[in-house]
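S.K.: My questions all concern the structure below.
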Amino acid sequence: MTKSFGDHEVLRGIDLVVAPSEVICLIGASGSGKSTLLRCVNLLEPVTSGSVWLGGQEITAPAIDPDLVRRHIGIVFQSYNLFPHMTVLKNITLGPVKALRVPHAQAEGDALALLARFGLADRAGDYPDRLSGGQQQRVAMIRALAMSPRLMLLDEVTSALDPELVAEVLDVIRELAQAGMTMLIATHEMTFARDVASRVAFLADGEIVEEAPPSELFENPRDERTRRFLRRITDAGRL
Amino acid sequence: MTESPLDLSRRGSRLFGGGGQGQARGAALSTASTIVVLAVLAALFLLAPGSAAVRHTFFSPPDMWHALIGDPAKGYYSVGAAIWLNIRMFLAAEAIIVVLALLLAVIRQSTGPVLLPLRVVALGYVDVFRGVPTILVVYAVGFGLPALNLTVVSTQDPAVYGVLGLVLSYSAYVCEVFRAGINSVPLAQVSAARSLGLTQPQAMRYVILPQAVRTVIPPLLNDFISLQKDTALVSVLGAIEANRAAEIYSSTVFTYSSFVVAALLFLILTIPLARFTDHLIARDRRRRLAGATI
Ligand SMILES: Nc1ncnc2c1ncn2[C@@H]1O[C@H](COP(=O)(O)OP(=O)(O)O)[C@@H](O)[C@H]1O
Ligand SMILES: [Mg+2]
C-alpha cells in the first residue's frame, strides 16, 4: 500500500500482515508516517495505491462502504478526541446506538460493564473535561472497544499524558493483549513495546525497514537506520 | 491537577479585581463614578440653549403618555400596543431564521458531489441577501409579491411580507454565523465520530452541530438584537408596528415624544437580551478557564 499527500509520498510501499490476536508495535521517528498508516487502515485516509484487507476481504475495494468497515476497526488517538458535549456514558454508547443500532438500554449496560472493568464505573455521568488525561484516554479506549472491533489501532495513546498517568493506560492495553485483542500500536514507549508486542515494525523513509519479535529487533537490529533510531531513543533515556 | 475548578474560579475573580473587601469598595467607587457622569450629562443637557425646546418636543410627559396608550377617537394608535406586532414579528422571524440558516450552513459545508447544485444555490442566496440592504429586501417582498396578483401569495398582511423580508436577509447572515461555528469544531472530532462508523450526516448531527451551536449562541443572539430593532423597517410597508404608530402620532400632534416612547420600548426588549448574551459569554469563558487546567 502507498499513500501520498499531493507530491509528498509519505508511505512508499507498506507490506504488513497482522494475524489474529497479534500485537504489532509500530515505531519510527516523528513524521515517519505512523499516524498516516493507521488512518489508512481504517479508511479515514484513502490509500493512493495498493489495498488493505480485513479478515479475507479487501476493504479498499470501491464497492465497500467505509462506514461499515470502520465499525469493525477501533482507533484511539493521541489527543483522546472525546466528545466534550457528551457524558462519558454517551461518548461510549454513541457508536453502538447510532452505527450498530444496538438498543439503548443494552448499549448502556455494555458501556457500564466496560467502565467497571477498567475502573471508571463512577465516572459514567461526568463530562470529559472533569477527567484527568489518563482517565480520558481510558474512556477513549472503552469507546472504541464498545464497538466490539476486530482490530484496534492505537496512535501514540500515551504521548499526550503526564508521566504518572501513562501506566494506567498501558495497563489497559496489556489487559486487552492478554484477552487476545488484535492490535496495531504506534508508540514511543519502547519498554512497553518490548513487553507486549508479538512483533515490532520500524518505519522509516515510507517503508517498514525492519520487522521482528521485540527481543530480536531491540537486541540485534539489522538495518543501520534501525540502529541509529534505537541509539537516539536510548540516549534520550527511553529504552 | 488536584485543584477543583471552584478554587480556580475564585482565584480567577480575584485576579480581575473582585473578592471580599475589595468587591465592596469597587462597588462604591463604580456607583459614585456613575452618579458623577450622569450628573454632568444631565447638567449639560439642561443648560444647553435649546434645552427647553428639546424637552418640549421630545420629552413631553403628556405626549409620551398619550402616544403610549393611544386614542382611537383622535385617530392615533397606541405605541405600547403596536410594539406587540414587533414582538410577534421577531419571534416568528427568529424561529424561521434558525432553521433556514442551519439548513443553508449545512448545505454550504457539505462536500458530496451530488449536492453541488444545492451548494451553488445556497452560495448565491447568501451573497445576494447579505449584500442587499435589508430595507430594500423588505420593499421588494412587500411591494413585489402583492403586485404579482397571485392567490395567497399576493394577499397577505404587510407584517407577513415584513417577516419574510427580514427572514431572507437575516438568514443569510446567520448562515455564516453557523458556518463559523461548524468550522470551529476541530477536525479531530470528525475523525473520532467517523471512526465509530458514523456516517457524515450522523457525525454532523450528533457531534459537530451540537458543539457548533454552543459556540454560536452569543453571536447569534447579537444578530437577534439587531433583528428586533429592524422589525421597525416593516413600517415602510404600512404595518402598524411601534415605529409606524409613533410616526402617526407625531404627524397628528406635531411632537417627537412618540418616537422616544418607541425607542424606550425597543430598549426594554433589547437590553435584557444583551445582558443575557453577556451572561452566556461570561459563563463560556469560565468554563473554558476551568476546562483548560484539568
Ligand atoms: N492530511 C495531511 N496532508 C498533508 N500532509 C500530511 C497529512 N497528514 C500527514 N501528513 C504528512 O505526512 C508525514 C507523516 O505524518 P504522520 O503520519 O503524522 O507521522 P507520524 O505519526 O509518524 O509522526 C508528515 O510529513 C506529515 O507532514
Ligand atoms: Mg503521529
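The values are calculated or read from the model by the stated rules, or taken from the named source; none is laboratory data. For clarity, every value in this text was computed on a predicted model and none was experimentally measured. Note: ideal-geometry Cβ built from the backbone for every residue, glycine included; neighbour counts use all protein chains shown. When the accessible area is computed, the model is the full protein with side chains, heavy atoms only, and any ligands, DNA or RNA have been set aside. Shrake-Rupley method; radii C 1.70, N 1.55, O 1.52, S 1.80 Å.
S.K.: Name the single residue that is farthest from residue A:171 (Cα to Cα) among those in the stretch A:193-228 being without any contact (Cβ under 8 Å) to a residue 40 or more places away in the chain, part of a helix (DSSP H, G or I) and open to solvent by less than 50 Å² (accessible area, probe 1.4 Å).
M.R.: Ranking the candidates gives A:226 first.
S.K.: Could you go through the stretch A:73-82 and let me know if any residue there is of a type in the set (Phe, Trp, Tyr) and buried (at least 19 other Cβ atoms within 10 Å of the Cβ). Spell out how you get there, then give the answer.
M.R.: First, the residues of the stretch A:73-82 that are of a type in the set (Phe, Trp, Tyr): A:77, A:80.
From what's left, buried (at least 19 other Cβ atoms within 10 Å of the Cβ): A:77, A:80.
Scanning the stretch A:73-82, I find at least one residue that is of a type in the set (Phe, Trp, Tyr) and buried (at least 19 other Cβ atoms within 10 Å of the Cβ), so the answer is yes.
S.K.: Determine which single condition residue B:287 fails, assuming it passes every other condition in (1) without any contact (Cβ under 8 Å) to a residue 40 or more places away in the chain; (2) basic (Lys, Arg); (3) touching a Gly at 6+ places or on another chain (Cβ under 9 Å).
M.R.: Only one criterion is unmet by residue B:287, namely (3).
Matching residues to (1) open to solvent by less than 40 Å² (accessible area, probe 1.4 Å); (2) modelled with pLDDT under 95; (3) among the polar types (S, T, N, Q); (4) in contact with a helix residue (DSSP H, G or I) (Cβ under 7 Å, 6 or more places away or on another chain):
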{"site": "B:222", "(1), (2), (3), (4)": "no, yes, yes, yes"}
{"site": "B:249", "(1), (2), (3), (4)": "yes, yes, no, yes"}
{"site": "B:270", "(1), (2), (3), (4)": "yes, yes, yes, yes"}
{"site": "B:275", "(1), (2), (3), (4)": "no, yes, no, no"}
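S.K.: Just to check your reading of the model, which residue among A:32, A:21, A:4 is among the hydroxyl-bearing types (Ser, Thr, Tyr), outside any strand (DSSP E or B) and surrounded by fewer than 22 Cβ atoms within 10 Å (Cβ to Cβ)?
M.R.: On the way: A:32 fails: surrounded by fewer than 22 Cβ atoms within 10 Å (Cβ to Cβ); A:4 fails: outside any strand (DSSP E or B).
Unique residue meeting the criteria: A:21.
S.K.: Then there is this: So, in the stretch A:1-26, how many residues would count as being within 16 Å of ligand 2 (Cβ to nearest atom) and either within 14 Å of residue A:205 (Cβ to Cβ) or not aliphatic (A, V, I, L, M) (or both)?
M.R.: Summing the residues that are within 16 Å of ligand 2 (Cβ to nearest atom) and either within 14 Å of residue A:205 (Cβ to Cβ) or not aliphatic (A, V, I, L, M) (or both) in the stretch A:1-26 gives 7.
S.K.: Quick one: residue A:93 ticks every box in (1) within 16 Å of ligand 1 (Cβ to nearest atom); (2) open to solvent by less than 60 Å² (accessible area, probe 1.4 Å); (3) of a type in the set (Val, Ile, Thr); (4) over 23 Å from residue A:217 (Cβ atoms) except a single one, so which number is it?
M.R.: Just one mismatch for residue A:93, condition (1).
S.K.: Is one or more of the residues making up the stretch A:29-42 away from ligand 2 (no atom under 13 Å from the Cβ) and among the charged types (D, E, K, R)? Break it down stepwise before answering.
M.R.: Of the residues in the stretch A:29-42, the ones away from ligand 2 (no atom under 13 Å from the Cβ) are A:41-42.
Within this subset, residues satisfying the condition of being among the charged types (D, E, K, R) are none.
No: zero hits.
S.K.: Looking for something of a type in the set (S, T, N, Q), within 25 Å of residue B:134 (Cα to Cα) and touching a residue at least 60 places away in the same chain (Cβ under 8 Å) - is there at least one such residue anywhere in the stretch B:202-224? Before you say what the answer is, go through the steps one by one.
M.R.: Step one: filter the stretch B:202-224 for residues of a type in the set (S, T, N, Q), giving B:202, B:211, B:215, B:222.
Subsequent filtering for residues that are within 25 Å of residue B:134 (Cα to Cα) retains B:222.
Adding the requirement that they be touching a residue at least 60 places away in the same chain (Cβ under 8 Å) leaves none.
No, the stretch B:202-224 contains no residue that is of a type in the set (S, T, N, Q), within 25 Å of residue B:134 (Cα to Cα) and touching a residue at least 60 places away in the same chain (Cβ under 8 Å).
S.K.: Here's a follow-up. Quick one: in the stretch A:124-168, of everything that is within 16 Å of ligand 2 (Cβ to nearest atom) and free of Cβ contacts under 8 Å to residues at least 60 places away in the same chain, which residue is nearest to residue A:55 (Cα to Cα)?
M.R.: Applying the filter and picking the extreme gives A:158.
S.K.: Can you give me the number of residues within the stretch A:109-134 that are of a type outside the set (A, V, I, L, M), assigned to a helix (DSSP H, G or I) and within 21 Å of the chain's Cα centre (by Cα)?
M.R.: Residues of the stretch A:109-134 that are of a type outside the set (A, V, I, L, M), as a first pass: A:109-110, A:117-119, A:122-123, A:125-130, A:132-134.
Now drop any that are not assigned to a helix (DSSP H, G or I), which leaves A:109-110, A:117, A:122-123, A:128-130, A:133-134.
Checking the rest, the ones that are also within 21 Å of the chain's Cα centre (by Cα) come to A:117, A:128, A:133-134.
Summing the residues that are of a type outside the set (A, V, I, L, M), assigned to a helix (DSSP H, G or I) and within 21 Å of the chain's Cα centre (by Cα) in the stretch A:109-134 gives 4.
S.K.: Residue A:37 - would you say it is assigned to a strand (DSSP E or B), crowded, with 21+ Cβ neighbours inside 10 Å and near ligand 1 (Cβ under 9 Å from one of its atoms)? Give the derivation first.
M.R.: Values: assigned to a strand (DSSP E or B): no; crowded, with 21+ Cβ neighbours inside 10 Å: yes; near ligand 1 (Cβ under 9 Å from one of its atoms): yes.
So residue A:37 fails the test.
S.K.: Then there's this: Hey, does the stretch A:179-187 have a residue that's within 16 Å of ligand 2 (Cβ to nearest atom), of a type in the set (S, T, N, Q) and in contact (Cβ under 8 Å) with a residue 24 or more places away in the chain?
M.R.: yes
S.K.: I'm trying to understand the selection: among the residues of the stretch A:69-84, which are hydroxyl-bearing (Ser, Thr, Tyr) and either over 20 Å from residue A:186 (Cβ atoms) or within 14 Å of ligand 1 (Cβ to nearest atom) (or both)?
M.R.: Taking the stretch A:69-84 first, the residues hydroxyl-bearing (Ser, Thr, Tyr) are A:79-80.
Answer for the stretch A:69-84, where residues must be hydroxyl-bearing (Ser, Thr, Tyr) and either over 20 Å from residue A:186 (Cβ atoms) or within 14 Å of ligand 1 (Cβ to nearest atom) (or both): just A:79.
S.K.: Identify the single condition in (1) open to solvent by 20 Å² or more (accessible area, probe 1.4 Å); (2) closer than 16 Å to residue B:135 by Cα that residue B:253 does not satisfy, given that it satisfies every other one.
M.R.: (2)
S.K.: Could you check the stretch A:40-68 and list, in sequence order, the residues that are within 14 Å of chain B (Cβ to nearest Cβ), more than 16 Å from ligand 1 (Cβ to nearest atom) and of a type outside the set (Val, Ile, Thr)? If you could, list the steps in order and put the result at the bottom.
M.R.: Residues of the stretch A:40-68 within 14 Å of chain B (Cβ to nearest Cβ): A:40-46, A:54, A:59, A:64-68.
Cutting the leftovers down to more than 16 Å from ligand 1 (Cβ to nearest atom) gives us A:54, A:59, A:64-68.
Answer for the stretch A:40-68, where residues must be within 14 Å of chain B (Cβ to nearest Cβ), more than 16 Å from ligand 1 (Cβ to nearest atom) and of a type outside the set (Val, Ile, Thr): A:54, A:65, A:66, A:67, A:68.
S.K.: For the stretch B:178-193, does any single residue satisfy the condition of being within 14 Å of chain A (Cβ to nearest Cβ), open to solvent by 40 Å² or more (accessible area, probe 1.4 Å) and in contact (Cβ under 8 Å) with a residue 12 or more places away in the chain?
M.R.: Yes, some residue in the stretch B:178-193 is within 14 Å of chain A (Cβ to nearest Cβ), open to solvent by 40 Å² or more (accessible area, probe 1.4 Å) and in contact (Cβ under 8 Å) with a residue 12 or more places away in the chain.
S.K.: Suppose we keep only residues that are part of a loop (DSSP other than H, G, I, E, B) and within 17 Å of residue A:43 (Cβ to Cβ) within the stretch A:135-159. Which one would you say is nearest to ligand 1 (Cβ to nearest atom)?
M.R.: So the first thing to find is which residues in the stretch A:135-159 are part of a loop (DSSP other than H, G, I, E, B), and the list is A:146-150, A:156-159.
Subsequent filtering for residues that are within 17 Å of residue A:43 (Cβ to Cβ) retains A:147, A:149-150.
Working: A:147: 23, A:149: 21, A:150: 23 Å.
Here the residue is A:149.
S.K.: Within the stretch A:69-108, restricting attention to residues that are assigned to a helix (DSSP H, G or I) and within 7 Å of chain B (Cβ to nearest Cβ), which residue is farthest from residue A:141 (Cα to Cα)?
M.R.: Top of the filtered list is A:98.
S.K.: Listed residues A:88, A:102; which is aliphatic (A, V, I, L, M) and free of Cβ contacts under 8 Å to residues at least 40 places away in the same chain?
M.R.: On the way: A:88 fails: free of Cβ contacts under 8 Å to residues at least 40 places away in the same chain.
Only one candidate qualifies: A:102.
S.K.: Between B:73, B:52, which is among the small types (Gly, Ala, Ser) and open to solvent by less than 80 Å² (accessible area, probe 1.4 Å)?
M.R.: Details: B:73 fails: open to solvent by less than 80 Å² (accessible area, probe 1.4 Å).
The conditions single out B:52.
S.K.: Let me ask another. Might you let me know whether the stretch A:160-177 holds any residue that is more than 13 Å from every other protein chain (Cβ to nearest Cβ), open to solvent by 30 Å² or more (accessible area, probe 1.4 Å) and not in a helix (DSSP H, G or I)? Give the steps one after another, and end with the answer.
M.R.: Here is the first cut: in the stretch A:160-177, the ones more than 13 Å from every other protein chain (Cβ to nearest Cβ) are A:166-177.
Now restrict to residues that are open to solvent by 30 Å² or more (accessible area, probe 1.4 Å): A:167-168, A:171, A:174-175.
Still in the list and also not in a helix (DSSP H, G or I): none.
The answer is no; no qualifying residue exists.
S.K.: Here's something else I'd like to know. The conditions are (1) out of contact with any helix residue (DSSP H, G or I) (no Cβ under 9 Å at 6 or more places or on another chain); (2) open to solvent by 20 Å² or more (accessible area, probe 1.4 Å); (3) within 15 Å of ligand 2 (Cβ to nearest atom), and residue A:45 fails exactly one of them. Which is it?
M.R.: Failing condition for residue A:45: (1).
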